[in-house]
Amino acid sequence: MIAYNQRFNKAHIKAKQIIQSGELGRVLSFKTTFGHGGPESWSSDKPDTWFFHKEKAAFGSMGDLGVHKIDLMRFLLGEEFVEAAVFVTTLAKRYPNGELIDVDDNAVCILKTQSGAIGTVTASWTYPGSEDNSTVIHCEKGSITLYGDPQFSMIIKYANGQKAYFELDTMQTNEKQTKSGVMDEFINCILTNTPPKISGEEGLKTMKVVFACFESAKTGKIVKIDY
């Protein structure tokens, strides 16, 4: 089982149900962000954390944060991404000797789904003093905002001007850990001999998007995602 914990957030589960019901019509666009001040602020081996070394981590902010938001959007939208156009770069994080780290600290991805919806996935280790773990999904009949408000985990804004507010749960952060649901799901799979919903195969589909993002950043071209 892959620990994509954002699939277990109550507001994300509720949003998926609403999208699948067709209440808001077809999804047209989205934007989702996962950014904070960087792993060196909490990693046990700070400040020269293993997160900053390619031979140990392989990827930077995209592998640490972006992968969760890509998987979340696959989960929420219920379809695969087919194309990626991406900037992946290193802007600020440095080793103790002053040299820039050899993995990315920022990434902005434009992704297109099978149905033609387009949106952005942003991952960053350079949001000092705050964390952004929010998602906005724009549909034909309204928009859903997830974890973008300090009180309400989900806000629906309908095209007719009405709004609906939901206090379902809070987003886990490095400073405020909450029950993620990952271990409950994993243990239940063992006890009931049930295949996990987030299997290795499912995790690979998300990683295929990550691989395409890095290829796009390297080549400067739109990349078709090969599953």
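The values are calculated or read from the model by the stated rules, or taken from the named source; none is laboratory data. None of these values were measured; they are calculated from a predicted model. Please note: Cβ atoms are built from the backbone with ideal geometry, for glycine as well, and neighbour counts cover all protein chains shown.
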Original post:
Of (1) without any contact (Cβ under 8 Å) to a residue 24 or more places away in the chain; (2) under 18 Å from ASP64 (Cβ atoms), SER180 satisfies all except one. Which?
Top reply: (1)
Original post:
Which of the residues spanning segment 13-38 are surrounded by fewer than 22 Cβ atoms within 10 Å (Cβ to Cβ) and in a helix (DSSP H, G or I)?
Top reply: ILE13, LYS14, LYS16, GLN17, ILE18, ILE19, GLN20, SER21
Original post:
crowded, with 22+ Cβ neighbours inside 10 Å, touching a His at 6+ places or on another chain (Cβ under 9 Å) and not basic (Lys, Arg): does that describe ILE137?
Top reply: no
**OP:** Could you tell me which residue of segment 101-131 is surrounded by the fewest Cβ atoms within 10 Å (Cβ to Cβ), considering only residues that are modelled with pLDDT under 95 and on the phi < 0 side of the Ramachandran plot?
**Re:** SER130
**OP:** Answer yes or no: is there a residue in segment 205-218 that is hydrophobic (A, V, I, L, M, F, W, C), over 30 Å from LEU100 (Cα atoms), modelled with pLDDT of 95 or more and not in a strand (DSSP E or B).
**Re:** no
**OP:** Run GLY25 past the list (1) without any contact (Cβ under 8 Å) to a residue 60 or more places away in the chain; (2) touching a strand residue (DSSP E or B) at 6+ places or on another chain (Cβ under 6 Å) and report the number of the one that doesn't hold.
**Re:** (1)
Subject >> Matching residues in segment 203-217 - criterion: being surrounded by fewer than 18 Cβ atoms within 10 Å (Cβ to Cβ), more than 23 Å from GLY116 (Cβ to Cβ) and in contact (Cβ under 8 Å) with a residue 40 or more places away in the chain >> reply: GLY203, MET207
Original post:
Residues of segment 150-159 being modelled with pLDDT of 95 or more, assigned to a loop (DSSP other than H, G, I, E, B), surrounded by fewer than 19 Cβ atoms within 10 Å (Cβ to Cβ) and not aromatic (Phe, Trp, Tyr), which ones?
Top reply: ALA159
Subject >> Matching residues in segment 3-12 - criterion: being in a loop (DSSP other than H, G, I, E, B) and of a type outside the set (S, T, N, Q) >> reply: ALA3, TYR4
**OP:** Give ASP184, ASP169 a once-over and let me know the one that is of a type in the set (Asp, Glu), surrounded by 11 or more Cβ atoms within 10 Å (Cβ to Cβ) and not in a helix (DSSP H, G or I).
**Re:** ASP169
**OP:** Taking only segment 74-100 into account, find how many residues are among the aromatic types (Phe, Trp, Tyr) and surrounded by fewer than 19 Cβ atoms within 10 Å (Cβ to Cβ).
**Re:** 2
Subject >> Among residues of segment 164-185, those that are hydrophobic (A, V, I, L, M, F, W, C) and either at pLDDT 95 or above or under 18 Å from the mean Cα position of the chain (by Cα) (or both), counted >> reply: 4
